[in-house]
Amino acid sequence: MAALLEADDVVKHFPVKRSLGEIATGRHPAVHAVDGISFAIESGESVGLLGESGCGKTTTGRLLLRLAVPTAGTIRFDGQDIGTLAGDDLATFRRRAQLVFQNPFEALNPRFTVLRAIAEPLVNAGVPRADHQARVVEAMRRVNLADVDQHLDKYPHQMSGGQLQRVVLARALVLEPIFLVADEPVSMLDVSVRAGILNLMRDVRQAMGLTAVYISHDLALVRYVCDRTLVMYLGKVVEDGPTEEVIRLPQHPYTQALVKAVPVPHVDQSHEPLPIKGNVPDAKNPPSGCRFRDRCPHAMARCASEEPPLREVAPRRRVACHLLAA
Amino acid sequence: MRLLLERLLHTLLVVWAVVTILFLMFRLMPGSPLAAYLHDNLSEEQQNLILQQFGLDRPLWEQYFIYLGNLLQGELGVSFFQRRPVLDVLLAVFPNTIVLTLSSLIVAYVFGVLAGAYLAWRRNSVIERAAVPAVLAIRAAPEFWIGMVLLAIFSFELGWLPSGGANSPGMFYDSEIDRFLSLDFLRHLILPVLTLALYLQGLPLLLMRSNMLEVMHDEFVTMARMKGLSEWSIVIRHAARNALLPVLTAFALGVGVSVGGNVVVEIVFSWPGIGRLLVNAVATLDYPLAQGAFLLIALVLIFMNFVADMLYSMLDPRVSHARVA
Amino acid sequence: MPASLEPATLPRPTPALWPRLVRAVGRAIARAAAQLRRDGFALAGVTIYTVFAVVALLADVLATHDPMEILFLPTGKLAANIRPGADFLLGTTNLGRDIYSQLIHGTRSALLVGLSAAVVVASLGTVVGLVSGYFGGRIDMVMMRFADVALSLPFLPFVIVLIGFLGASINIIIMAVALLLWPNTARVIRSQVLSLRERAYVEAARVTGASTWRIMFVHIAPNILPLSFLYGSIAIGWAILTEASVSFLGFGSANVVSWGYMLQDAFASQALSRGHFNWFIPPGLCIVLVVVAGFFISRGYEEIFFPKLRD
Amino acid sequence: MALLSIRDLRVHYRTPRGVTRAVDGASFEVPEGQIVGLVGESGCGKTTAARAITGVMPANARFAGGSIAYRGEDLLTAPDRRVKELRWRDIAFIPQSAMNSLDPVYRVGAQLREVLIERGGMDRARATTRAAELFDMVGLDQGRLDDYPHQFSGGMRQRAAIALALALNPSLVIADEPVTALDVIVQRQVLDTIKSLQRRFNLSVILVTHDISVVAYVADQVVVMYAGHVIEQGPARAVLAEPNHPYTMGLYNAFPDLTSAVSSLVPIEGSPPDLSQELTGCRFAPRCPFVIEPCRSGAIPDQGNDGRSAACLRAAEAVELRRLARVPSTWLHS
């Protein structure tokens, strides 16, 4: 299989206001939201971007869709550098890559009916008006929005969260994209509704042969819908591998802590304290060397001086940790 | 610190822009004000002398730099009609305006804040329902008209208070302070202050009321209730303290706006202030005086905008204590 | 391809643009009207405006005399300082002019000044705020610096100097008001646009390839129009008050009857010391009514479009 | 005797669209020294029920019936004075968002001292020492007492809120979604703090959450709410292992579990009823795969023993229903 998407040493910094001292010394401080990540996603894969808030996963998602442009590095989609796309090429890319939003209550224009909302991509892609309704109805069927006629003229405030997320998904699918980024697609929904949306996304992905990236902080969700998982910490990918393996045998100390911290719905579970302490450091001044070192139970002198590269430790398995260097 | 310097720089930029606008406004107006000054019966030589005196025979850009240079030295020229340096004329009346402005703002804000907090506390009571449209109506009234009505009633009908000026004729004082503290001055001050305060109280009142209503819905006020704190602590220490922040900023802004905005009230009560001076200067085409008065009013406004800005960032810990680490 | 699937529920004719527009506008008006009935403030404001608008339109019919004509009694005496009565509803001025007729005609200039200034302020402020907020960067910086400067010019003194040197004219008053008031509108709209720009549904439009134009005018602008109206209705009041102040200070144009002119006339003619309340109370009240109507409407608007401000 | 006993509590909200019966006849108890997990989905009334205990409610809320007995004393009929006295000294609260619940213009230490002085009757010096003690207790650096709330991270703020709640040694702490806004690792650390302090001071805690795994981690008892009703309650171990109400069973199927083999998640079709409508019968009936005709009318009595109860007419068949509920096709509406 060929890589559909390749990220090559992608960096995204957000400049912040400089202090007087920084102006005087000519320094340009920035939030290192994404700080040199590389990965390739093969056609048809579903990949989870897992991490805590502030780890850069959402920024990465935006970069993949060219909602933001990298500070350095390139992202290639189907062989083309998306940073340089313009005009018709950009329009084509917009048709092929879509986004499913975290909060369905905000992802839909409150003044648009369901019909108008789902037809929006068709309008932008220049699909003849006469075809809109048929394609909207088709997309709604695809996301199991029953009683199509009943919903077409509804406004977002007249629908439930689960229904809204289906509308959002239908909008993303109406142009028949080949690549989908879903940013925490169910975190705003109730548990009893979540499962329905996740199942739907899984089914749709398979039926349409989509390549998908799920951005989430929820390990259980990623496990449910992703073949492969990239674990991010403070702008870096620290671990990469098949989801089941990453969860069963996490290699990076951070992933290990993360897996341990996830609560499970059983009374009998480990209550032993987590091995890591402290908070995620400030992304403006990340620690030298390994970014996890000051919270890591295994930190060594080398961790402070040398940044561990993300290296292959087994086939399809990459980890960025000096412990695994040997 | 960085914020202070940044705002200061910004303020200087605005001052420069306003000064430039002022220059252009006074030099490029059709029917140059100087025309009125240069009487036909002056000889050409005399006319040229005057033009030279004001540097008006030079090219515009040169005039501009002369003007900037003069401003930097505090040189505002000489009043056409009073034959005195403009700065002296301005400084003679400026204290009157400041006293009038500050007294009325203080009266207005003390009343407005208390009444606003009270109305918020008595939400949906009869008095609250009646007060809001009444306050809006007072705010909708032209200041000078409020002044006229008060004047007609308290001065002319009832004869309780003097009808204008800052002092009765023939009164002399050892110092300005003595003058301001004299009973005669205070009697003259009452009506204009009342007029301005009536007009000005609407803003702090409505602002305080809506801020209080908003803050009372904030989670930390609910928490204060859950903690069983006294009503006093909840309303004053938590709600009012938070609601007051924007009102203090509005006060600082209000000082700047009022110094120029008092114009009409100064006219109604013949108050010898900077606004009245400006109006008379414009009416008599006394261009150096008008320019000086306008400049002074503008500088106060710009300075108070700056103060308001700084005040806000000093009083709100979310700005003043932004943690960089 | 999906278009050829022809689901059973089809066909439903795609409505043409303009009937949909008519429907949308109709719905908006219906909603506003429904809200109006609930909101006493807005209702009062609209009622006051309606009454004054009718008066302005029918001024020639309603007025009993020419407002500037010097009137004489049947006895041939100058009709000066007549008390209100059947012949002169609100009495006459010291020069024998009919106060009631002046009041009626003053409505015209007040509404003219107020509405024109409101339109200019609201549209200038909206366009600047929209462009500045959406594009950001240099454009934004330049425009906001202009706004800072405009807000640093003392309002009334600026108008006085302008009028004093350029001569009295309603157009100059409107221009001056617009020149100094647009920044308030622009700033508020800008900050609203800044937050709307980051909304997920705007991002959604972008990711589906919507053009900048479409995002600005289809997705963002409809949400800020209420704010434009809000600031427009406040500007009506400001413009009327400004015109009144300028006229009162004697810089008004001599051949236009306005409420400010009437007040100046009364003030200069010692109406105050003579207790001619019939002369200076009515024009002041008219100003209060028109201006407060704007405040009321803006309050009602807030209630309709920014319900979170409601209790 | 239970520390807190809630009987048939009804709390209604006036809204523009009519009356919303957010809590509509809920009964449960909080035993001394135990953590009670109050679980349910959004809009089920769990937060309203928990806040009702503090007596501090939004202006449009109304107590429409029932009782809240604290140590046998009904808080709803007790004089205001008495209720105010109990607040924070006996019943304290940890909010979901500590950011909004701390006053932004005062230092965190000052807010601690305020309650220690005004409600605890301490002098300034004593309050200062106690504040430092409390910070220590919840694992915060004493040096941060002089910080403003916005200078804290999310986890630190939540710890500060816990310190504030424990300031006056209350017997009952109500925690409303205390870890929902936090990342997993911080969430776990804060839960550990709550649990250890609860043991140390033998606190009773009501922990409101939408997350059954949080309940599973810390709770001794669990109360499940649905559409304003309590539909199941009992010891956490028993309820979570062997749910008796079809809703609880369904919730389990819909919840992703990291420890079990990946099976498919099963949603509960439909959505909760509109609480501004008059409702009869079991509120879960329209979504329940095991519904029988009597479910749709009349009151559904609590069935149960051994300290467990479920508001389900078919609770006696729970073993069989549990077996059926594990089959995904059961939950597919035709």
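No lab work stands behind these numbers, since they all come straight from the coordinates. These figures come from a predicted structure and were not determined experimentally. Neighbour counts are summed over all protein chains in view; Cβ atoms, including those assigned to glycine, are modelled from backbone coordinates with ideal geometry.
Semi-axes of chain D's equivalent ellipsoid from the Cα gyration tensor, sqrt of 5 times each eigenvalue, largest first, rounded to whole Å?
Working: eigenvalues 270, 103, 61 Å².
Three semi-axes, in Å: 37, 23, 17.
Would you calculate a helix-derived [θ] at 222 nm for chain B, using -39,500 (n - 2.57) for each DSSP H run of n ≥ 4 and dividing by the full residue count, to the nearest 500? Don't jump to the answer; show the numbers that get you there.
Values: 16 runs with 231 residues, N = 325.
Calculated mean residue ellipticity at 222 nm is -23000 deg cm²/dmol.
Can you list the cysteines of chain A that have no other Cys Cβ under 4.7 Å away?
If one checks each Cβ against the other cysteines of chain A, A:C55, A:C226, A:C296, A:C321 turn up with nothing under 4.7 Å.
What's the FRET efficiency of B:Q63 with B:L8 using the Cβ-Cβ distance as r and R₀ = 22 Å, to the nearest 0.05? Please list the in-between numbers first.
Details: r = 28 Å, r/R0 = 1.29.
That gives a FRET efficiency of 0.20.
For peptide C:283-295, what's the mean number of Cβ atoms from other chains within 10 Å of each residue's Cβ? All intermediate terms of the calculation are to be shown ahead of the outcome.
Numbers: counts 2, 7, 3, 0, 4, 9, 3, 1, 6, 8, 2, 2, 8.
For this peptide, the per-residue mean of nearby foreign Cβ atoms is 4.
Enter the mean number of other protein chain beta carbons within 10 Å of the beta carbon of each residue in A:184-197, as an integer. If you can, show how the numbers build up before the last one.
Values: counts 0, 0, 1, 0, 1, 2, 12, 17, 17, 8, 5, 12, 6, 2.
Rounded to a whole number, the mean comes out at 6.
Where does helix B:183-200 land angle-wise versus the long Cα axis of chain B, in degrees 0 to 90, nearest 10?
70 degrees
Given bins 5 angstrom wide, list per bin the percent of all Cα-Cα distances in the range D:23-72, short to long.
The percentages, shortest bin first, are 4, 16, 29, 28, 16, 6, 1.
Whole-Hz Karplus ³J(HN,Hα) for the range B:94-105, in order, using 6.51 cos²θ - 1.76 cosθ + 1.60 and θ = phi - 60°, x for Gly and Pro?
With the stated coefficients, the range B:94-105 comes to 4, x, 4, 5, 4, 4, 4, 4, 5, 4, 5, 5 Hz.
Only Lys, Arg, Asp and Glu count, each charged at its Cβ (+1, +1, -1, -1), so figure out the dipole size of chain C about its Cα centre, rounded to 20 debye.
Working: 23 positive and 16 negative charges, 194 e Å.
Dipole about the Cα centre, nearest 20: 940 debye.
Scanning chain B for trypsin sites (Lys or Arg not before Pro) in DSSP loops with at most 12 other Cβ atoms within 10 Å, what's the longest stretch left with none? Walk me through the numbers before you get to the answer.
Values: sites that count: B:R83, B:R323.
Result, exposed sites excluded: B:84-322.
Suppose every K and R has +1 on its Cβ and every D and E has -1 on its Cβ; what is the size of the dipole of the protein assembly as shown about the Cα centre, in Debye to the nearest 20?
Details: 117 positive and 112 negative charges, 296 e Å.
Its charge dipole is roughly 1420 debye.
Beta carbons within 10 angstrom, averaged per residue: use that to sort the peptides A:146-153, D:268-275, C:276-283, highest first.
Working: A:146-153: 13.4, D:268-275: 18.4, C:276-283: 21.8.
For the peptides A:146-153, D:268-275, C:276-283, the packing ranking is C:276-283, D:268-275, A:146-153.
Please say if chain B is rounded, prolate or oblate, where rounded means a/c under 1.5 for a ≥ b ≥ c the square roots of the C-alpha gyration tensor eigenvalues, and otherwise the choice is prolate for a/b larger than b/c and oblate otherwise? Numbers along the way, then the final one.
On the way: a/c = 2.74, a/b = 1.58, b/c = 1.74.
The shape class here is oblate.
Could you run the Debye sum over the Cα atoms of the range B:124-198, one equal point scatterer each and no solvent, and tell me log10 of I(q)/I(0) at q = 0.15 Å⁻¹, two decimals?
For the requested q values the scattering log ratios are -0.64.
Using R₀ = 35 Å, calculate the FRET efficiency as 1/(1 + (r/R₀)^6) where r is the Cβ-Cβ separation of C:E198 and A:E244; round to 0.05.
Values: r = 37 Å, r/R0 = 1.05.
Efficiency for this residue pair is about 0.45.
Could you give the longest part of chain B that holds none of the chymotrypsin sites (Phe, Trp or Tyr not before Pro) found in DSSP loops with at most 15 neighbouring Cβ atoms within 10 Å? Before the final figure, lay out each step's value.
Working: sites that count: B:F81, B:W160, B:F172, B:Y173.
It works out to B:174-325.
For chain A, with only Lys/Arg (+1) and Asp/Glu (-1) charged at the beta-carbon, what is the dipole magnitude about the Cα centre, in debye rounded to 20? Intermediate results must be reported in sequence, preceding the final value.
Values: 38 positive and 37 negative charges, 98 e Å.
Charge dipole, chain A, about its Cα centre: 460 debye, nearest 20.
Could you please tell me the mean projected area of the C-alpha convex hull for chain C, averaged over all directions and given in square nanometres to one decimal?
Here the figure is 22.9 nm², rounded to one decimal.
I need the peptides C:228-236, A:229-237, A:157-165 ranked by packing, meaning the mean over residues of other C-beta atoms within 10 angstrom, with the highest value on top. Before the final figure, lay out each step's value.
On the way: C:228-236: 24.0, A:229-237: 25.6, A:157-165: 19.0.
The densest-packed peptide leads the list: A:229-237, C:228-236, A:157-165.
Can you flag which of A:K17/A:K277; A:K284/D:K195; A:K57/D:K195; A:K12/A:K284; A:K57/D:K46 are past 23 Å Cα-Cα? Before the final figure, lay out each step's value.
On the way: A:K17/A:K277 30 Å; A:K284/D:K195 34 Å; A:K57/D:K195 31 Å; A:K12/A:K284 12 Å; A:K57/D:K46 33 Å.
Long pairs (Cα-Cα over 23 Å): A:K17/A:K277; A:K284/D:K195; A:K57/D:K195; A:K57/D:K46.
What number in nm² do you get for the range B:74-127 if you take the convex hull of its Cα atoms and divide its surface by four?
Details: hull surface 24.5 nm².
Computed as one quarter of the Cα hull surface, the answer is 6.1 nm².
Only bridges whose two residues both fall in the protein assembly as shown count here: according to DSSP, what percent of them are antiparallel, nearest 5? Working shown, then result.
On the way: 60 of 97 bridges.
Just about 60 percent of them are antiparallel.
Pick out the long, greasy-scoring helices in chain C: whole DSSP H runs spanning 24 Å or more along their own axis by Cα, mean Kyte-Doolittle at least -0.5.
Helices passing the filter in chain C: C:17-38, C:40-57, C:99-135, C:170-197, C:221-248, C:277-305.
For the protein assembly as shown, evaluate the Debye formula with one uniform point scatterer on each Cα (no solvent term) and list log10 I(q)/I(0) at q = 0.04, 0.05, 0.07, 0.08 Å⁻¹, rounded to two decimals.
-0.30, -0.47, -0.89, -1.11
How much net charge surrounds A:I215 when only other residues with a Cβ under 11 Å from its Cβ are counted (Lys, Arg +1; Asp, Glu -1)?
Details: positive: A:K57, A:R62; negative: A:D183, A:E184, A:D218.
After counting each charged neighbour, the total is -1.
Mind listing the long-range amide H neighbours of A:V238? Cut-off is under 5 Å, sequence gap 5 or more, other chains count too, H placed in the peptide plane at 1.01 Å from N.
A:V231, A:M232, A:Y233
Taking the Cβ of D:S97 as the center, what net charge do the other residues with Cβ under 10 Å away carry, scoring Lys and Arg +1 and Asp and Glu -1?
Once all neighbours under 10 Å are counted, the net charge is -2.
Just checking the output field for C:263-270: average partner chain Cβ neighbours within 10 Å of each residue's Cβ?
Mean inter-chain Cβ contacts per residue within 10 Å come to 2.
Just how far, in whole angstrom, is the range B:125-198 from the range D:3-18 if you go by their alpha carbon centroids?
55 Å
For labels at D:E242 and A:H298 in the simple 7 Å Cα→Cβ model, what's the distance in nm?
Calculated label separation equals 4.3 nm.
Let me check against my output: what whole-number percent is the relative contact order of chain C, with C-alpha pairs under 8 Å and at least 6 apart? Each step should come with its number before you reach the end.
Details: 403 pairs, mean separation 70.6, N = 311.
Contact order relative to length: 23 percent.
Expressed as a rounded percentage, what relative contact order does the range D:99-169 have, with Cα pairs under 8 Å and six or more residues apart? Don't skip to the answer; put the middle values down first.
Values: 74 pairs, mean separation 30.3, N = 71.
This gives 43 percent for the range D:99-169.
Apply 1/(1 + (r/R0)^6) to the Cβ-Cβ distance of C:F135 and D:D136, taking R0 = 41 Å, and write down the FRET efficiency to the nearest 0.05. Working shown, then result.
Values: r = 52 Å, r/R0 = 1.26.
After rounding to 0.05, the efficiency reads 0.20.
Expressed as an acute angle from 0 to 90° and rounded to the nearest 10, what is the orientation of the C-alpha long axis of helix B:44-53 relative to the principal long axis of chain B?
Here the helix axis deviates by roughly 40 degrees.
Report the paramagnetic label zone for B:R241: residues of the range D:104-146 whose backbone N is under 15 Å from a point 7 Å from Cα along the Cα-to-Cβ axis.
The answer is D:104-119, D:146.
Mind ranking C:44-55, A:216-227 by how tightly packed they are, going by the mean number of other C-beta atoms within 10 angstrom, highest first? Show your work: numbers first, answer last.
Numbers: C:44-55: 16.9, A:216-227: 21.8.
Put in order of decreasing packing, that is A:216-227, C:44-55.
Please check chain C for the longest run free of trypsin sites (Lys or Arg not before Pro) that are loop-located per DSSP (anything but H, G, I, E, B) and have at most 12 other Cβ atoms within 10 Å.
Working: sites that count: C:K77, C:R310.
Longest stretch, sites excluded: C:78-309.
I need to check one value: relative contact order of the range A:135-290, counting alpha carbon pairs closer than 8 Å and at least 6 residues apart, in percent.
Values: 129 pairs, mean separation 22.8, N = 156.
15 percent.
Please list the non-local residues whose amide H lies under 5 Å from the amide H of A:I215, H modeled 1.01 Å from N, same-chain partners needing a gap of 5 or more.
A:L49, A:A182, A:D183, A:E184
Quick check: pseudo-label points 7 Å beyond the Cα along Cα→Cβ at A:D282 and B:I98, how many nm apart are they?
About 4.2 nm, to one decimal.
Around D:Q198, with a cut-off of 13 angstrom between Cβ atoms, what is the net charge of the other residues, counting Lys and Arg +1 and Asp and Glu -1?
Working: positive: D:K195, D:R199, D:R200; negative: D:E32, D:D192, D:D220.
Overall, the nearby charge balance is 0.
Which lysines have a Cα less than 18 Å from the Cα of C:K77, not counting those fewer than 8 places away in the same chain?
Those lysines meeting the cut-off do not exist here.
Run through every distinct alpha carbon pair of the range D:99-169 and return the Kirkwood hydrodynamic radius in angstroms, one decimal place. Can you show the working numbers first?
Details: mean 1/r = 0.0854 Å⁻¹.
Across the range D:99-169, the inverse of the average 1/r is 11.7 Å.
Over the alpha-carbon set of the range A:72-225, divide Rg by the Kirkwood Rh and report the Rg/Rh ratio to two decimals.
On the way: Rg = 15.6 Å, Rh = 16.1 Å.
Rounded to two decimals, Rg over Rh is 0.97.
If you take the charge dipole of the range C:197-296 about its Cα centre, with +1 on Lys and Arg Cβ and -1 on Asp and Glu Cβ, which of C:T242, C:P222, C:L285 is farthest toward its positive end?
Of the candidates, C:P222 comes out farthest on the positive side.
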